[in-house]
Amino acid sequence: MNRTVGLVYLSELRAALSSLAFHMLSEMTKAYGANLHRVTIEKGEIKNWDSRSFYPSKYAVLFISIPYELMYKDLSSFLHRTGIPYFSKARDKEPIVILGGPAVTGNPLPVAPIADAVIIGEAEDIMDQILDIVNSDYKRPEKLGKMSEIKGVLVWEEGYKTERVFAKDLDESFYPTRQTLPENIEPIWGRAFLVEVSRGCSRGCLFCMEGRIFKPFRYRSLESITKMLSSAPGGMDSYEKLILYSLSFFDHPQADSLLEYLISSKFKASVPSVRVDTLNDNRLELIRKLGQKTLTLAPETGSTRLSKALRKEIYASQVEQVVESALTIGLQQFKLYLMTGFYGETKEDIEDTVGMINKLGAMIKAKGGKLKISLNPFIPKPFTPLQWHGFAGMNKLRRNIQLMRAMFGKKVSSFSALDPRYARLQTILSRGGPELSKIIALWGQTEGFLSSWRSVSLRQELRESQYLSFWDPEYTPLWHKYIIDHFNKPSVLRELYLAFLDVQNRLPENS
Ligand code: SF4
């Protein structure tokens with residue numbers, strides 16, 4: 001390929017190097033034979049790591065990864081600073097701007113008019129087709145027209161719907177076995193080789209977008225992982241550890257054998273947050289032997305009632321048992337993720353959570369360990385059964401956070417909570433439509449974050465309540481009109497939502 005391809009990560013290279021998507025796109029593009037320039041934002045400045053400068057007109061295409069919605073501001077600022085017109089329809093020359101990542105796979109609409117194309121789903125199986133078109137002699141309008149014919153590519157200007165695309169077989173799919181880490185840059189998660197063990201999740205927690213937009217659950221075979229580690233070009237000596245990627249690690253049928261292999265091969269590794277109900281003494285021992293210091297769990301709540309309603313189905317007694325076993329074998333650091341802001345969540349639910357955390361805190365403290373709590377306001381996300389659920393409201397969230405902070409007290413060694421103002425904005429961006437693209441474009445031209453959103457949205461007379469309220473379950477959210485997803489049909493999600501309302505046994509006040 002004789003054209004230059006830009007891979008833009010809207011944060012620092014340190015963060016990009018800890019992103020599997022960044023390595024994946026870099027290596028796929030290089031494997032295609034393209035001249036790749038990696039571009040990041042360092043201390044607010046655009047930095048090209050493969051050339052001295054960044055001139056947009058040099059690029060045939062820019063791939064920009066958007067892991068979460070608040071990054072829309074960074075996207076817009078990037079376009080503003082590079083002089084690339086904000087809207088696809090205002091562009092008449094290269095580069096073609098292609099977005100991808102979880103945020104836009106869930107709901108591309110707020111930025112769809114800004115992008116020339118959006119990859120809906122996973123890029124592996126369609127990347128070569130996209131690059132063929134980029135590399136062709138077609139003019140820009142024909143290129144976009146051709147791209148809109150690829151399953152998994154949404155071209156807003158063409159006005160078509162598309163189907164979410166996913167890699168059928170991870171063993172057969174491309175994997176970045178060369179993950180280059182520059183000498184002088186320390187990635188945020190350390191000098192690690194990233195191993196994607198599985199993708200998607202077979203569980204059905206009602207609030208979880210990742211579990212849904214990466215369906216179906218697929219895994220890499222033990223054979224293919226061991227082969228990858230033993231034959232990676234450049235070997236494993238330059239990495240200090242492995243980071244195992246998975247939404248639900250122990251749902252991999254060979255998870256135990258994989259950990260045993262890593263231990264016997266003297267790899268240091270860390271497993272991600274694990275479901276409490278998949279842990280047992282043997283697995284905890286394997287995790288410890290791998291050299292992992294912190295056990296990360298996400299029970300979300302200590303209330304049995306709420307956990308059942310959310311279909312998370314992890315209970316306080318299970319968490320307590322796992323923590324006790326972990327302490328017995330010498331694991332001492334724990335991180336727990338909790339959520340608040342659900343319809344029908346009661347004072348008793350919060351008290352149950354406080355009861356669980358206080359009990360865990362006392363057990364862990366007695367053994368000299370540490371318990372960190374991360375509390376997140378619930379954000380209703382597209383393609384989940386709770387996509388109709390409203391935002392809990394600032395007062396309620398602030399109250400719940402304050403209550404938990406006070407009641408956990410000194411039992412926990414650290415407590416952090418996402419500021420509800422960010423959760424509110426994320427809700428707007430998650431549930432918005434193309435009408436937000438103009439506001440996002442203006443937002444990127446301003447300094448500040450929350451305050452600048454506020455002033456731009458006020459100036460544009462945006463009625464934010466439409467994105468924050470509970471939606472009528474009869475209404476089908478707009479993203480279903482543009483994205484076909486056979487695993488997450490609106491009718492199925494709706495049934496699950498109605499069942500949730502039923503269990504919670506009250507109608508939302510503003511519905
Ligand atoms: S919260 Fe975890 S277990 Fe539940 S669906 Fe999401 S990834 Fe799966």
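The values are calculated or read from the model by the stated rules, or taken from the named source; none is laboratory data. Remember, it's a predicted structure, so these values are computed and weren't measured experimentally. Cβ sites come from the backbone with ideal geometry, for glycine too, and all protein chains shown count toward neighbours.
Might you check whether a residue that is within 11 Å of the ligand (Cβ to nearest atom) and either under 24 Å from Lys359 (Cα atoms) or modelled with pLDDT of 95 or more (or both) occurs anywhere in the range 251-270?
Quick first cut of the range 251-270, residues within 11 Å of the ligand (Cβ to nearest atom) only: 251.
Next cut, either under 24 Å from Lys359 (Cα atoms) or modelled with pLDDT of 95 or more (or both) only: 251.
Yes, the conditions are met somewhere in the range 251-270.
Which count do you get for residues in the range 32-58 that are outside any loop (DSSP other than H, G, I, E, B), hydroxyl-bearing (Ser, Thr, Tyr) and surrounded by fewer than 17 Cβ atoms within 10 Å (Cβ to Cβ)? So that I can check it myself, show each step before the final result.
First, the residues of the range 32-58 that are outside any loop (DSSP other than H, G, I, E, B): 32, 35-42, 45-48, 56-58.
Checking the rest, the ones that are also hydroxyl-bearing (Ser, Thr, Tyr) come to 32, 40, 57.
Filter once more, keeping what is surrounded by fewer than 17 Cβ atoms within 10 Å (Cβ to Cβ): 57.
Looking only at that region, the number is 1.
Each row is one residue, and each column tells you yes or no for (1) under 20 Å from the mean Cα position of the chain (by Cα); (2) of a type in the set (S, T, N, Q); (3) outside the structural domain of Ser11 (by TED's automatic domain parsing); (4) within 16 Å of the ligand (Cβ to nearest atom).
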position	(1), (2), (3), (4)
Val155	no, no, no, no
Asp171	no, no, yes, no
Tyr175	yes, no, yes, no
Ile188	yes, no, yes, no
Leu194	yes, no, yes, no
Cys201	yes, no, yes, yes
Met209	yes, no, yes, yes
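Of the numbered conditions (1) within 13 Å of the ligand (Cβ to nearest atom); (2) modelled with pLDDT under 95; (3) basic (Lys, Arg), Lys312 fails exactly one; give the number of that condition.
All conditions pass for Lys312, except number (2).
Pro233: part of a strand (DSSP E or B), in contact (Cβ under 8 Å) with a residue 24 or more places away in the chain and not hydrophobic (A, V, I, L, M, F, W, C), yes or no?
no
Here are some conditions: (1) among the polar types (S, T, N, Q); (2) crowded, with 16+ Cβ neighbours inside 10 Å; (3) closer than 29 Å to Ile428 by Cα. Asn358 meets all but one. Which one does it not meet?
Condition not satisfied by Asn358: (3).
Scan the range 324-352 residue by residue and report those that are in a helix (DSSP H, G or I) and surrounded by fewer than 16 Cβ atoms within 10 Å (Cβ to Cβ).
Passing the criteria: Glu324, Thr328, Lys347, Glu348, Glu351.
When you check Ile213 against the structure, is it outside the structural domain of Ala112 (by TED's automatic domain parsing), of a type in the set (Val, Ile, Thr), within 26 Å of Thr427 (Cα to Cα) and surrounded by 16 or more Cβ atoms within 10 Å (Cβ to Cβ), yes or no?
When the stated conditions are applied, Ile213 passes them.
For the range 472-493, name all the residues that are within 14 Å of Pro380 (Cβ to Cβ) and either at pLDDT below 95 or not in a loop (DSSP other than H, G, I, E, B) (or both).
Within the range 472-493, Trp479, Leu493 meet the criteria.
Name the one entry in Lys335, Lys289, Lys293, Lys266 that is within 30 Å of Glu348 (Cβ to Cβ) and of a type in the set (Lys, Arg).
Within the list Lys335, Lys289, Lys293, Lys266, the selection yields Lys335.
Determine whether the range 128-151 contains at least one residue that is part of a loop (DSSP other than H, G, I, E, B) and under 19 Å from the mean Cα position of the chain (by Cα).
Our first condition is that a residue be part of a loop (DSSP other than H, G, I, E, B); within the range 128-151, this holds for 135-139, 148-151.
Subset that is under 19 Å from the mean Cα position of the chain (by Cα): none.
No, there is no match, as no residue in the range 128-151 is part of a loop (DSSP other than H, G, I, E, B) and under 19 Å from the mean Cα position of the chain (by Cα).
Filter the range 70-97 down to the residues that are part of a helix (DSSP H, G or I) and aliphatic (A, V, I, L, M), then identify the one that is farthest from Met147 (Cα to Cα). Can you show your working first?
In the first step, residues of the range 70-97 are kept if they are part of a helix (DSSP H, G or I); the result is 70-82, 88-90.
Now drop any that are not aliphatic (A, V, I, L, M), which leaves 70-71, 75, 79, 90.
Numbers: Leu70: 27, Met71: 24, Leu75: 21, Leu79: 22, Ala90: 18 Å.
Of everything passing the filter in the range 70-97, Leu70 is farthest from Met147 (Cα to Cα).
When you scan the range 224-237, do you find a residue that is more than 20 Å from Lys370 (Cβ to Cβ) and within 16 Å of the ligand (Cβ to nearest atom), even just one?
No, the range 224-237 contains no residue that is more than 20 Å from Lys370 (Cβ to Cβ) and within 16 Å of the ligand (Cβ to nearest atom).
Residue-wise test of (1) in a loop (DSSP other than H, G, I, E, B); (2) polar (S, T, N, Q); (3) closer than 23 Å to Gln292 by Cα.
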| residue | (1), (2), (3) |
| --- | --- |
| Leu206 | yes, no, no |
| Leu229 | no, no, yes |
| Asp256 | no, no, yes |
| Leu259 | no, no, yes |
| Pro272 | yes, no, yes |
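Being within 21 Å of Arg305 (Cα to Cα) and in contact (Cβ under 8 Å) with a residue 12 or more places away in the chain: is that true of Leu360 here?
Taking the combined requirement at face value, the residue satisfies it.
Among the residues that make up the range 75-98, is at least one of them free of Cβ contacts under 8 Å to residues at least 24 places away in the same chain, more than 30 Å from Gln387 (Cα to Cα) and out of contact with any Lys or Arg (no Cβ under 6 Å at 6 or more places or on another chain)?
yes
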